[in-house]
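Written out below as structure tokens is the structure these notes cover.
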Amino acid sequence: MIITSETSLSDLFEIAIKATKDLSPNEEFIVKDLFRGFEWNRIPKGNRTKLGSQFFTYVNSNKCENIIALGKTAQNQQRYKSTI
């Protein structure tokens, strides 16, 4: 799927979830890392923030067993770690 400024939040969330399957065990990342640089830059800032909140909620729910939240970076971005 080609990401544009018009890509829906639900599509972005699905892309992010699928990208987590390519992570190595114990790999640390932020949501931005789940997208290529130019793709991330195409996403409007408001949608980036909403996507980050949605991803955090997903990780902290019982639906996500292979990722844990670690805490924030100095830039206030949530860090995560793959567990399998």
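What is the Cα convex hull volume of the chain when expressed per residue in Å³?
Numbers: hull volume 7.7 nm³, N = 84.
That works out to 91 Å³ per residue.
Leaving out ligands, DNA and RNA, and with a 1.4 Å probe, what % of the accessible surface on the chain is carbon or sulfur? Each step should come with its number before you reach the end.
Working: 2640 of 5430 Å².
Carbon with sulfur: 49 percent of the solvent-accessible area.
With every protein chain left in place, what is the accessible area per residue of the chain in square angstrom, probe 1.4 Å?
On the way: 5430 Å² over 84 residues.
With all protein chains present, the chain gives 65 Å² per residue.
Summing -39500 (n - 2.57) over the DSSP H runs of n ≥ 4 in the chain and dividing by its residue number, what mean residue ellipticity at 222 nm do you reach, to the nearest 500 deg cm²/dmol?
It lands at -12000 deg cm²/dmol.
If you fit an axis through the alpha-carbon atoms of helix 45-60 and take the longest principal axis of the Cα set of the chain, what angle between them do you get, 0 to 90°, nearest 10?
The angle comes out near 30 degrees.
In segment 5-75, what is the count of Lys pairs whose alpha carbons are under 18 Å apart, counting only pairs at least 8 residues apart or on separate chains?
Here the count comes out as 9.
Note down the magnitude of the dipole of the chain about its Cα centre, charges +1 on Lys and Arg C-beta and -1 on Asp and Glu C-beta and zero elsewhere, to the nearest 20 debye. Working shown, then result.
Values: 12 positive and 9 negative charges, 53 e Å.
Value, rounded to 20: 260 debye.
When the solvent-accessible surface of protein heavy atoms is calculated with a 1.4 angstrom probe, in what order do F35, F56 fall, highest first?
Values: F35 15, F56 80 Å².
Order by accessible area, largest first: F56, F35.
Note down the accessible area of T83, probe 1.4 Å, to the nearest 10 Å².
Taking all protein chains as shown, T83 has close to 60 Å².
The values are calculated or read from the model by the stated rules, or taken from the named source; none is laboratory data. Since we're looking at a predicted model, the values are computed, not measured. All Cβ positions, even for glycine, are placed from backbone atoms using ideal geometry, and neighbour counts span all protein chains on display. For accessibility, only protein heavy atoms count, side chains too; no ligands or nucleic acids. Shrake-Rupley method; radii C 1.70, N 1.55, O 1.52, S 1.80 Å.
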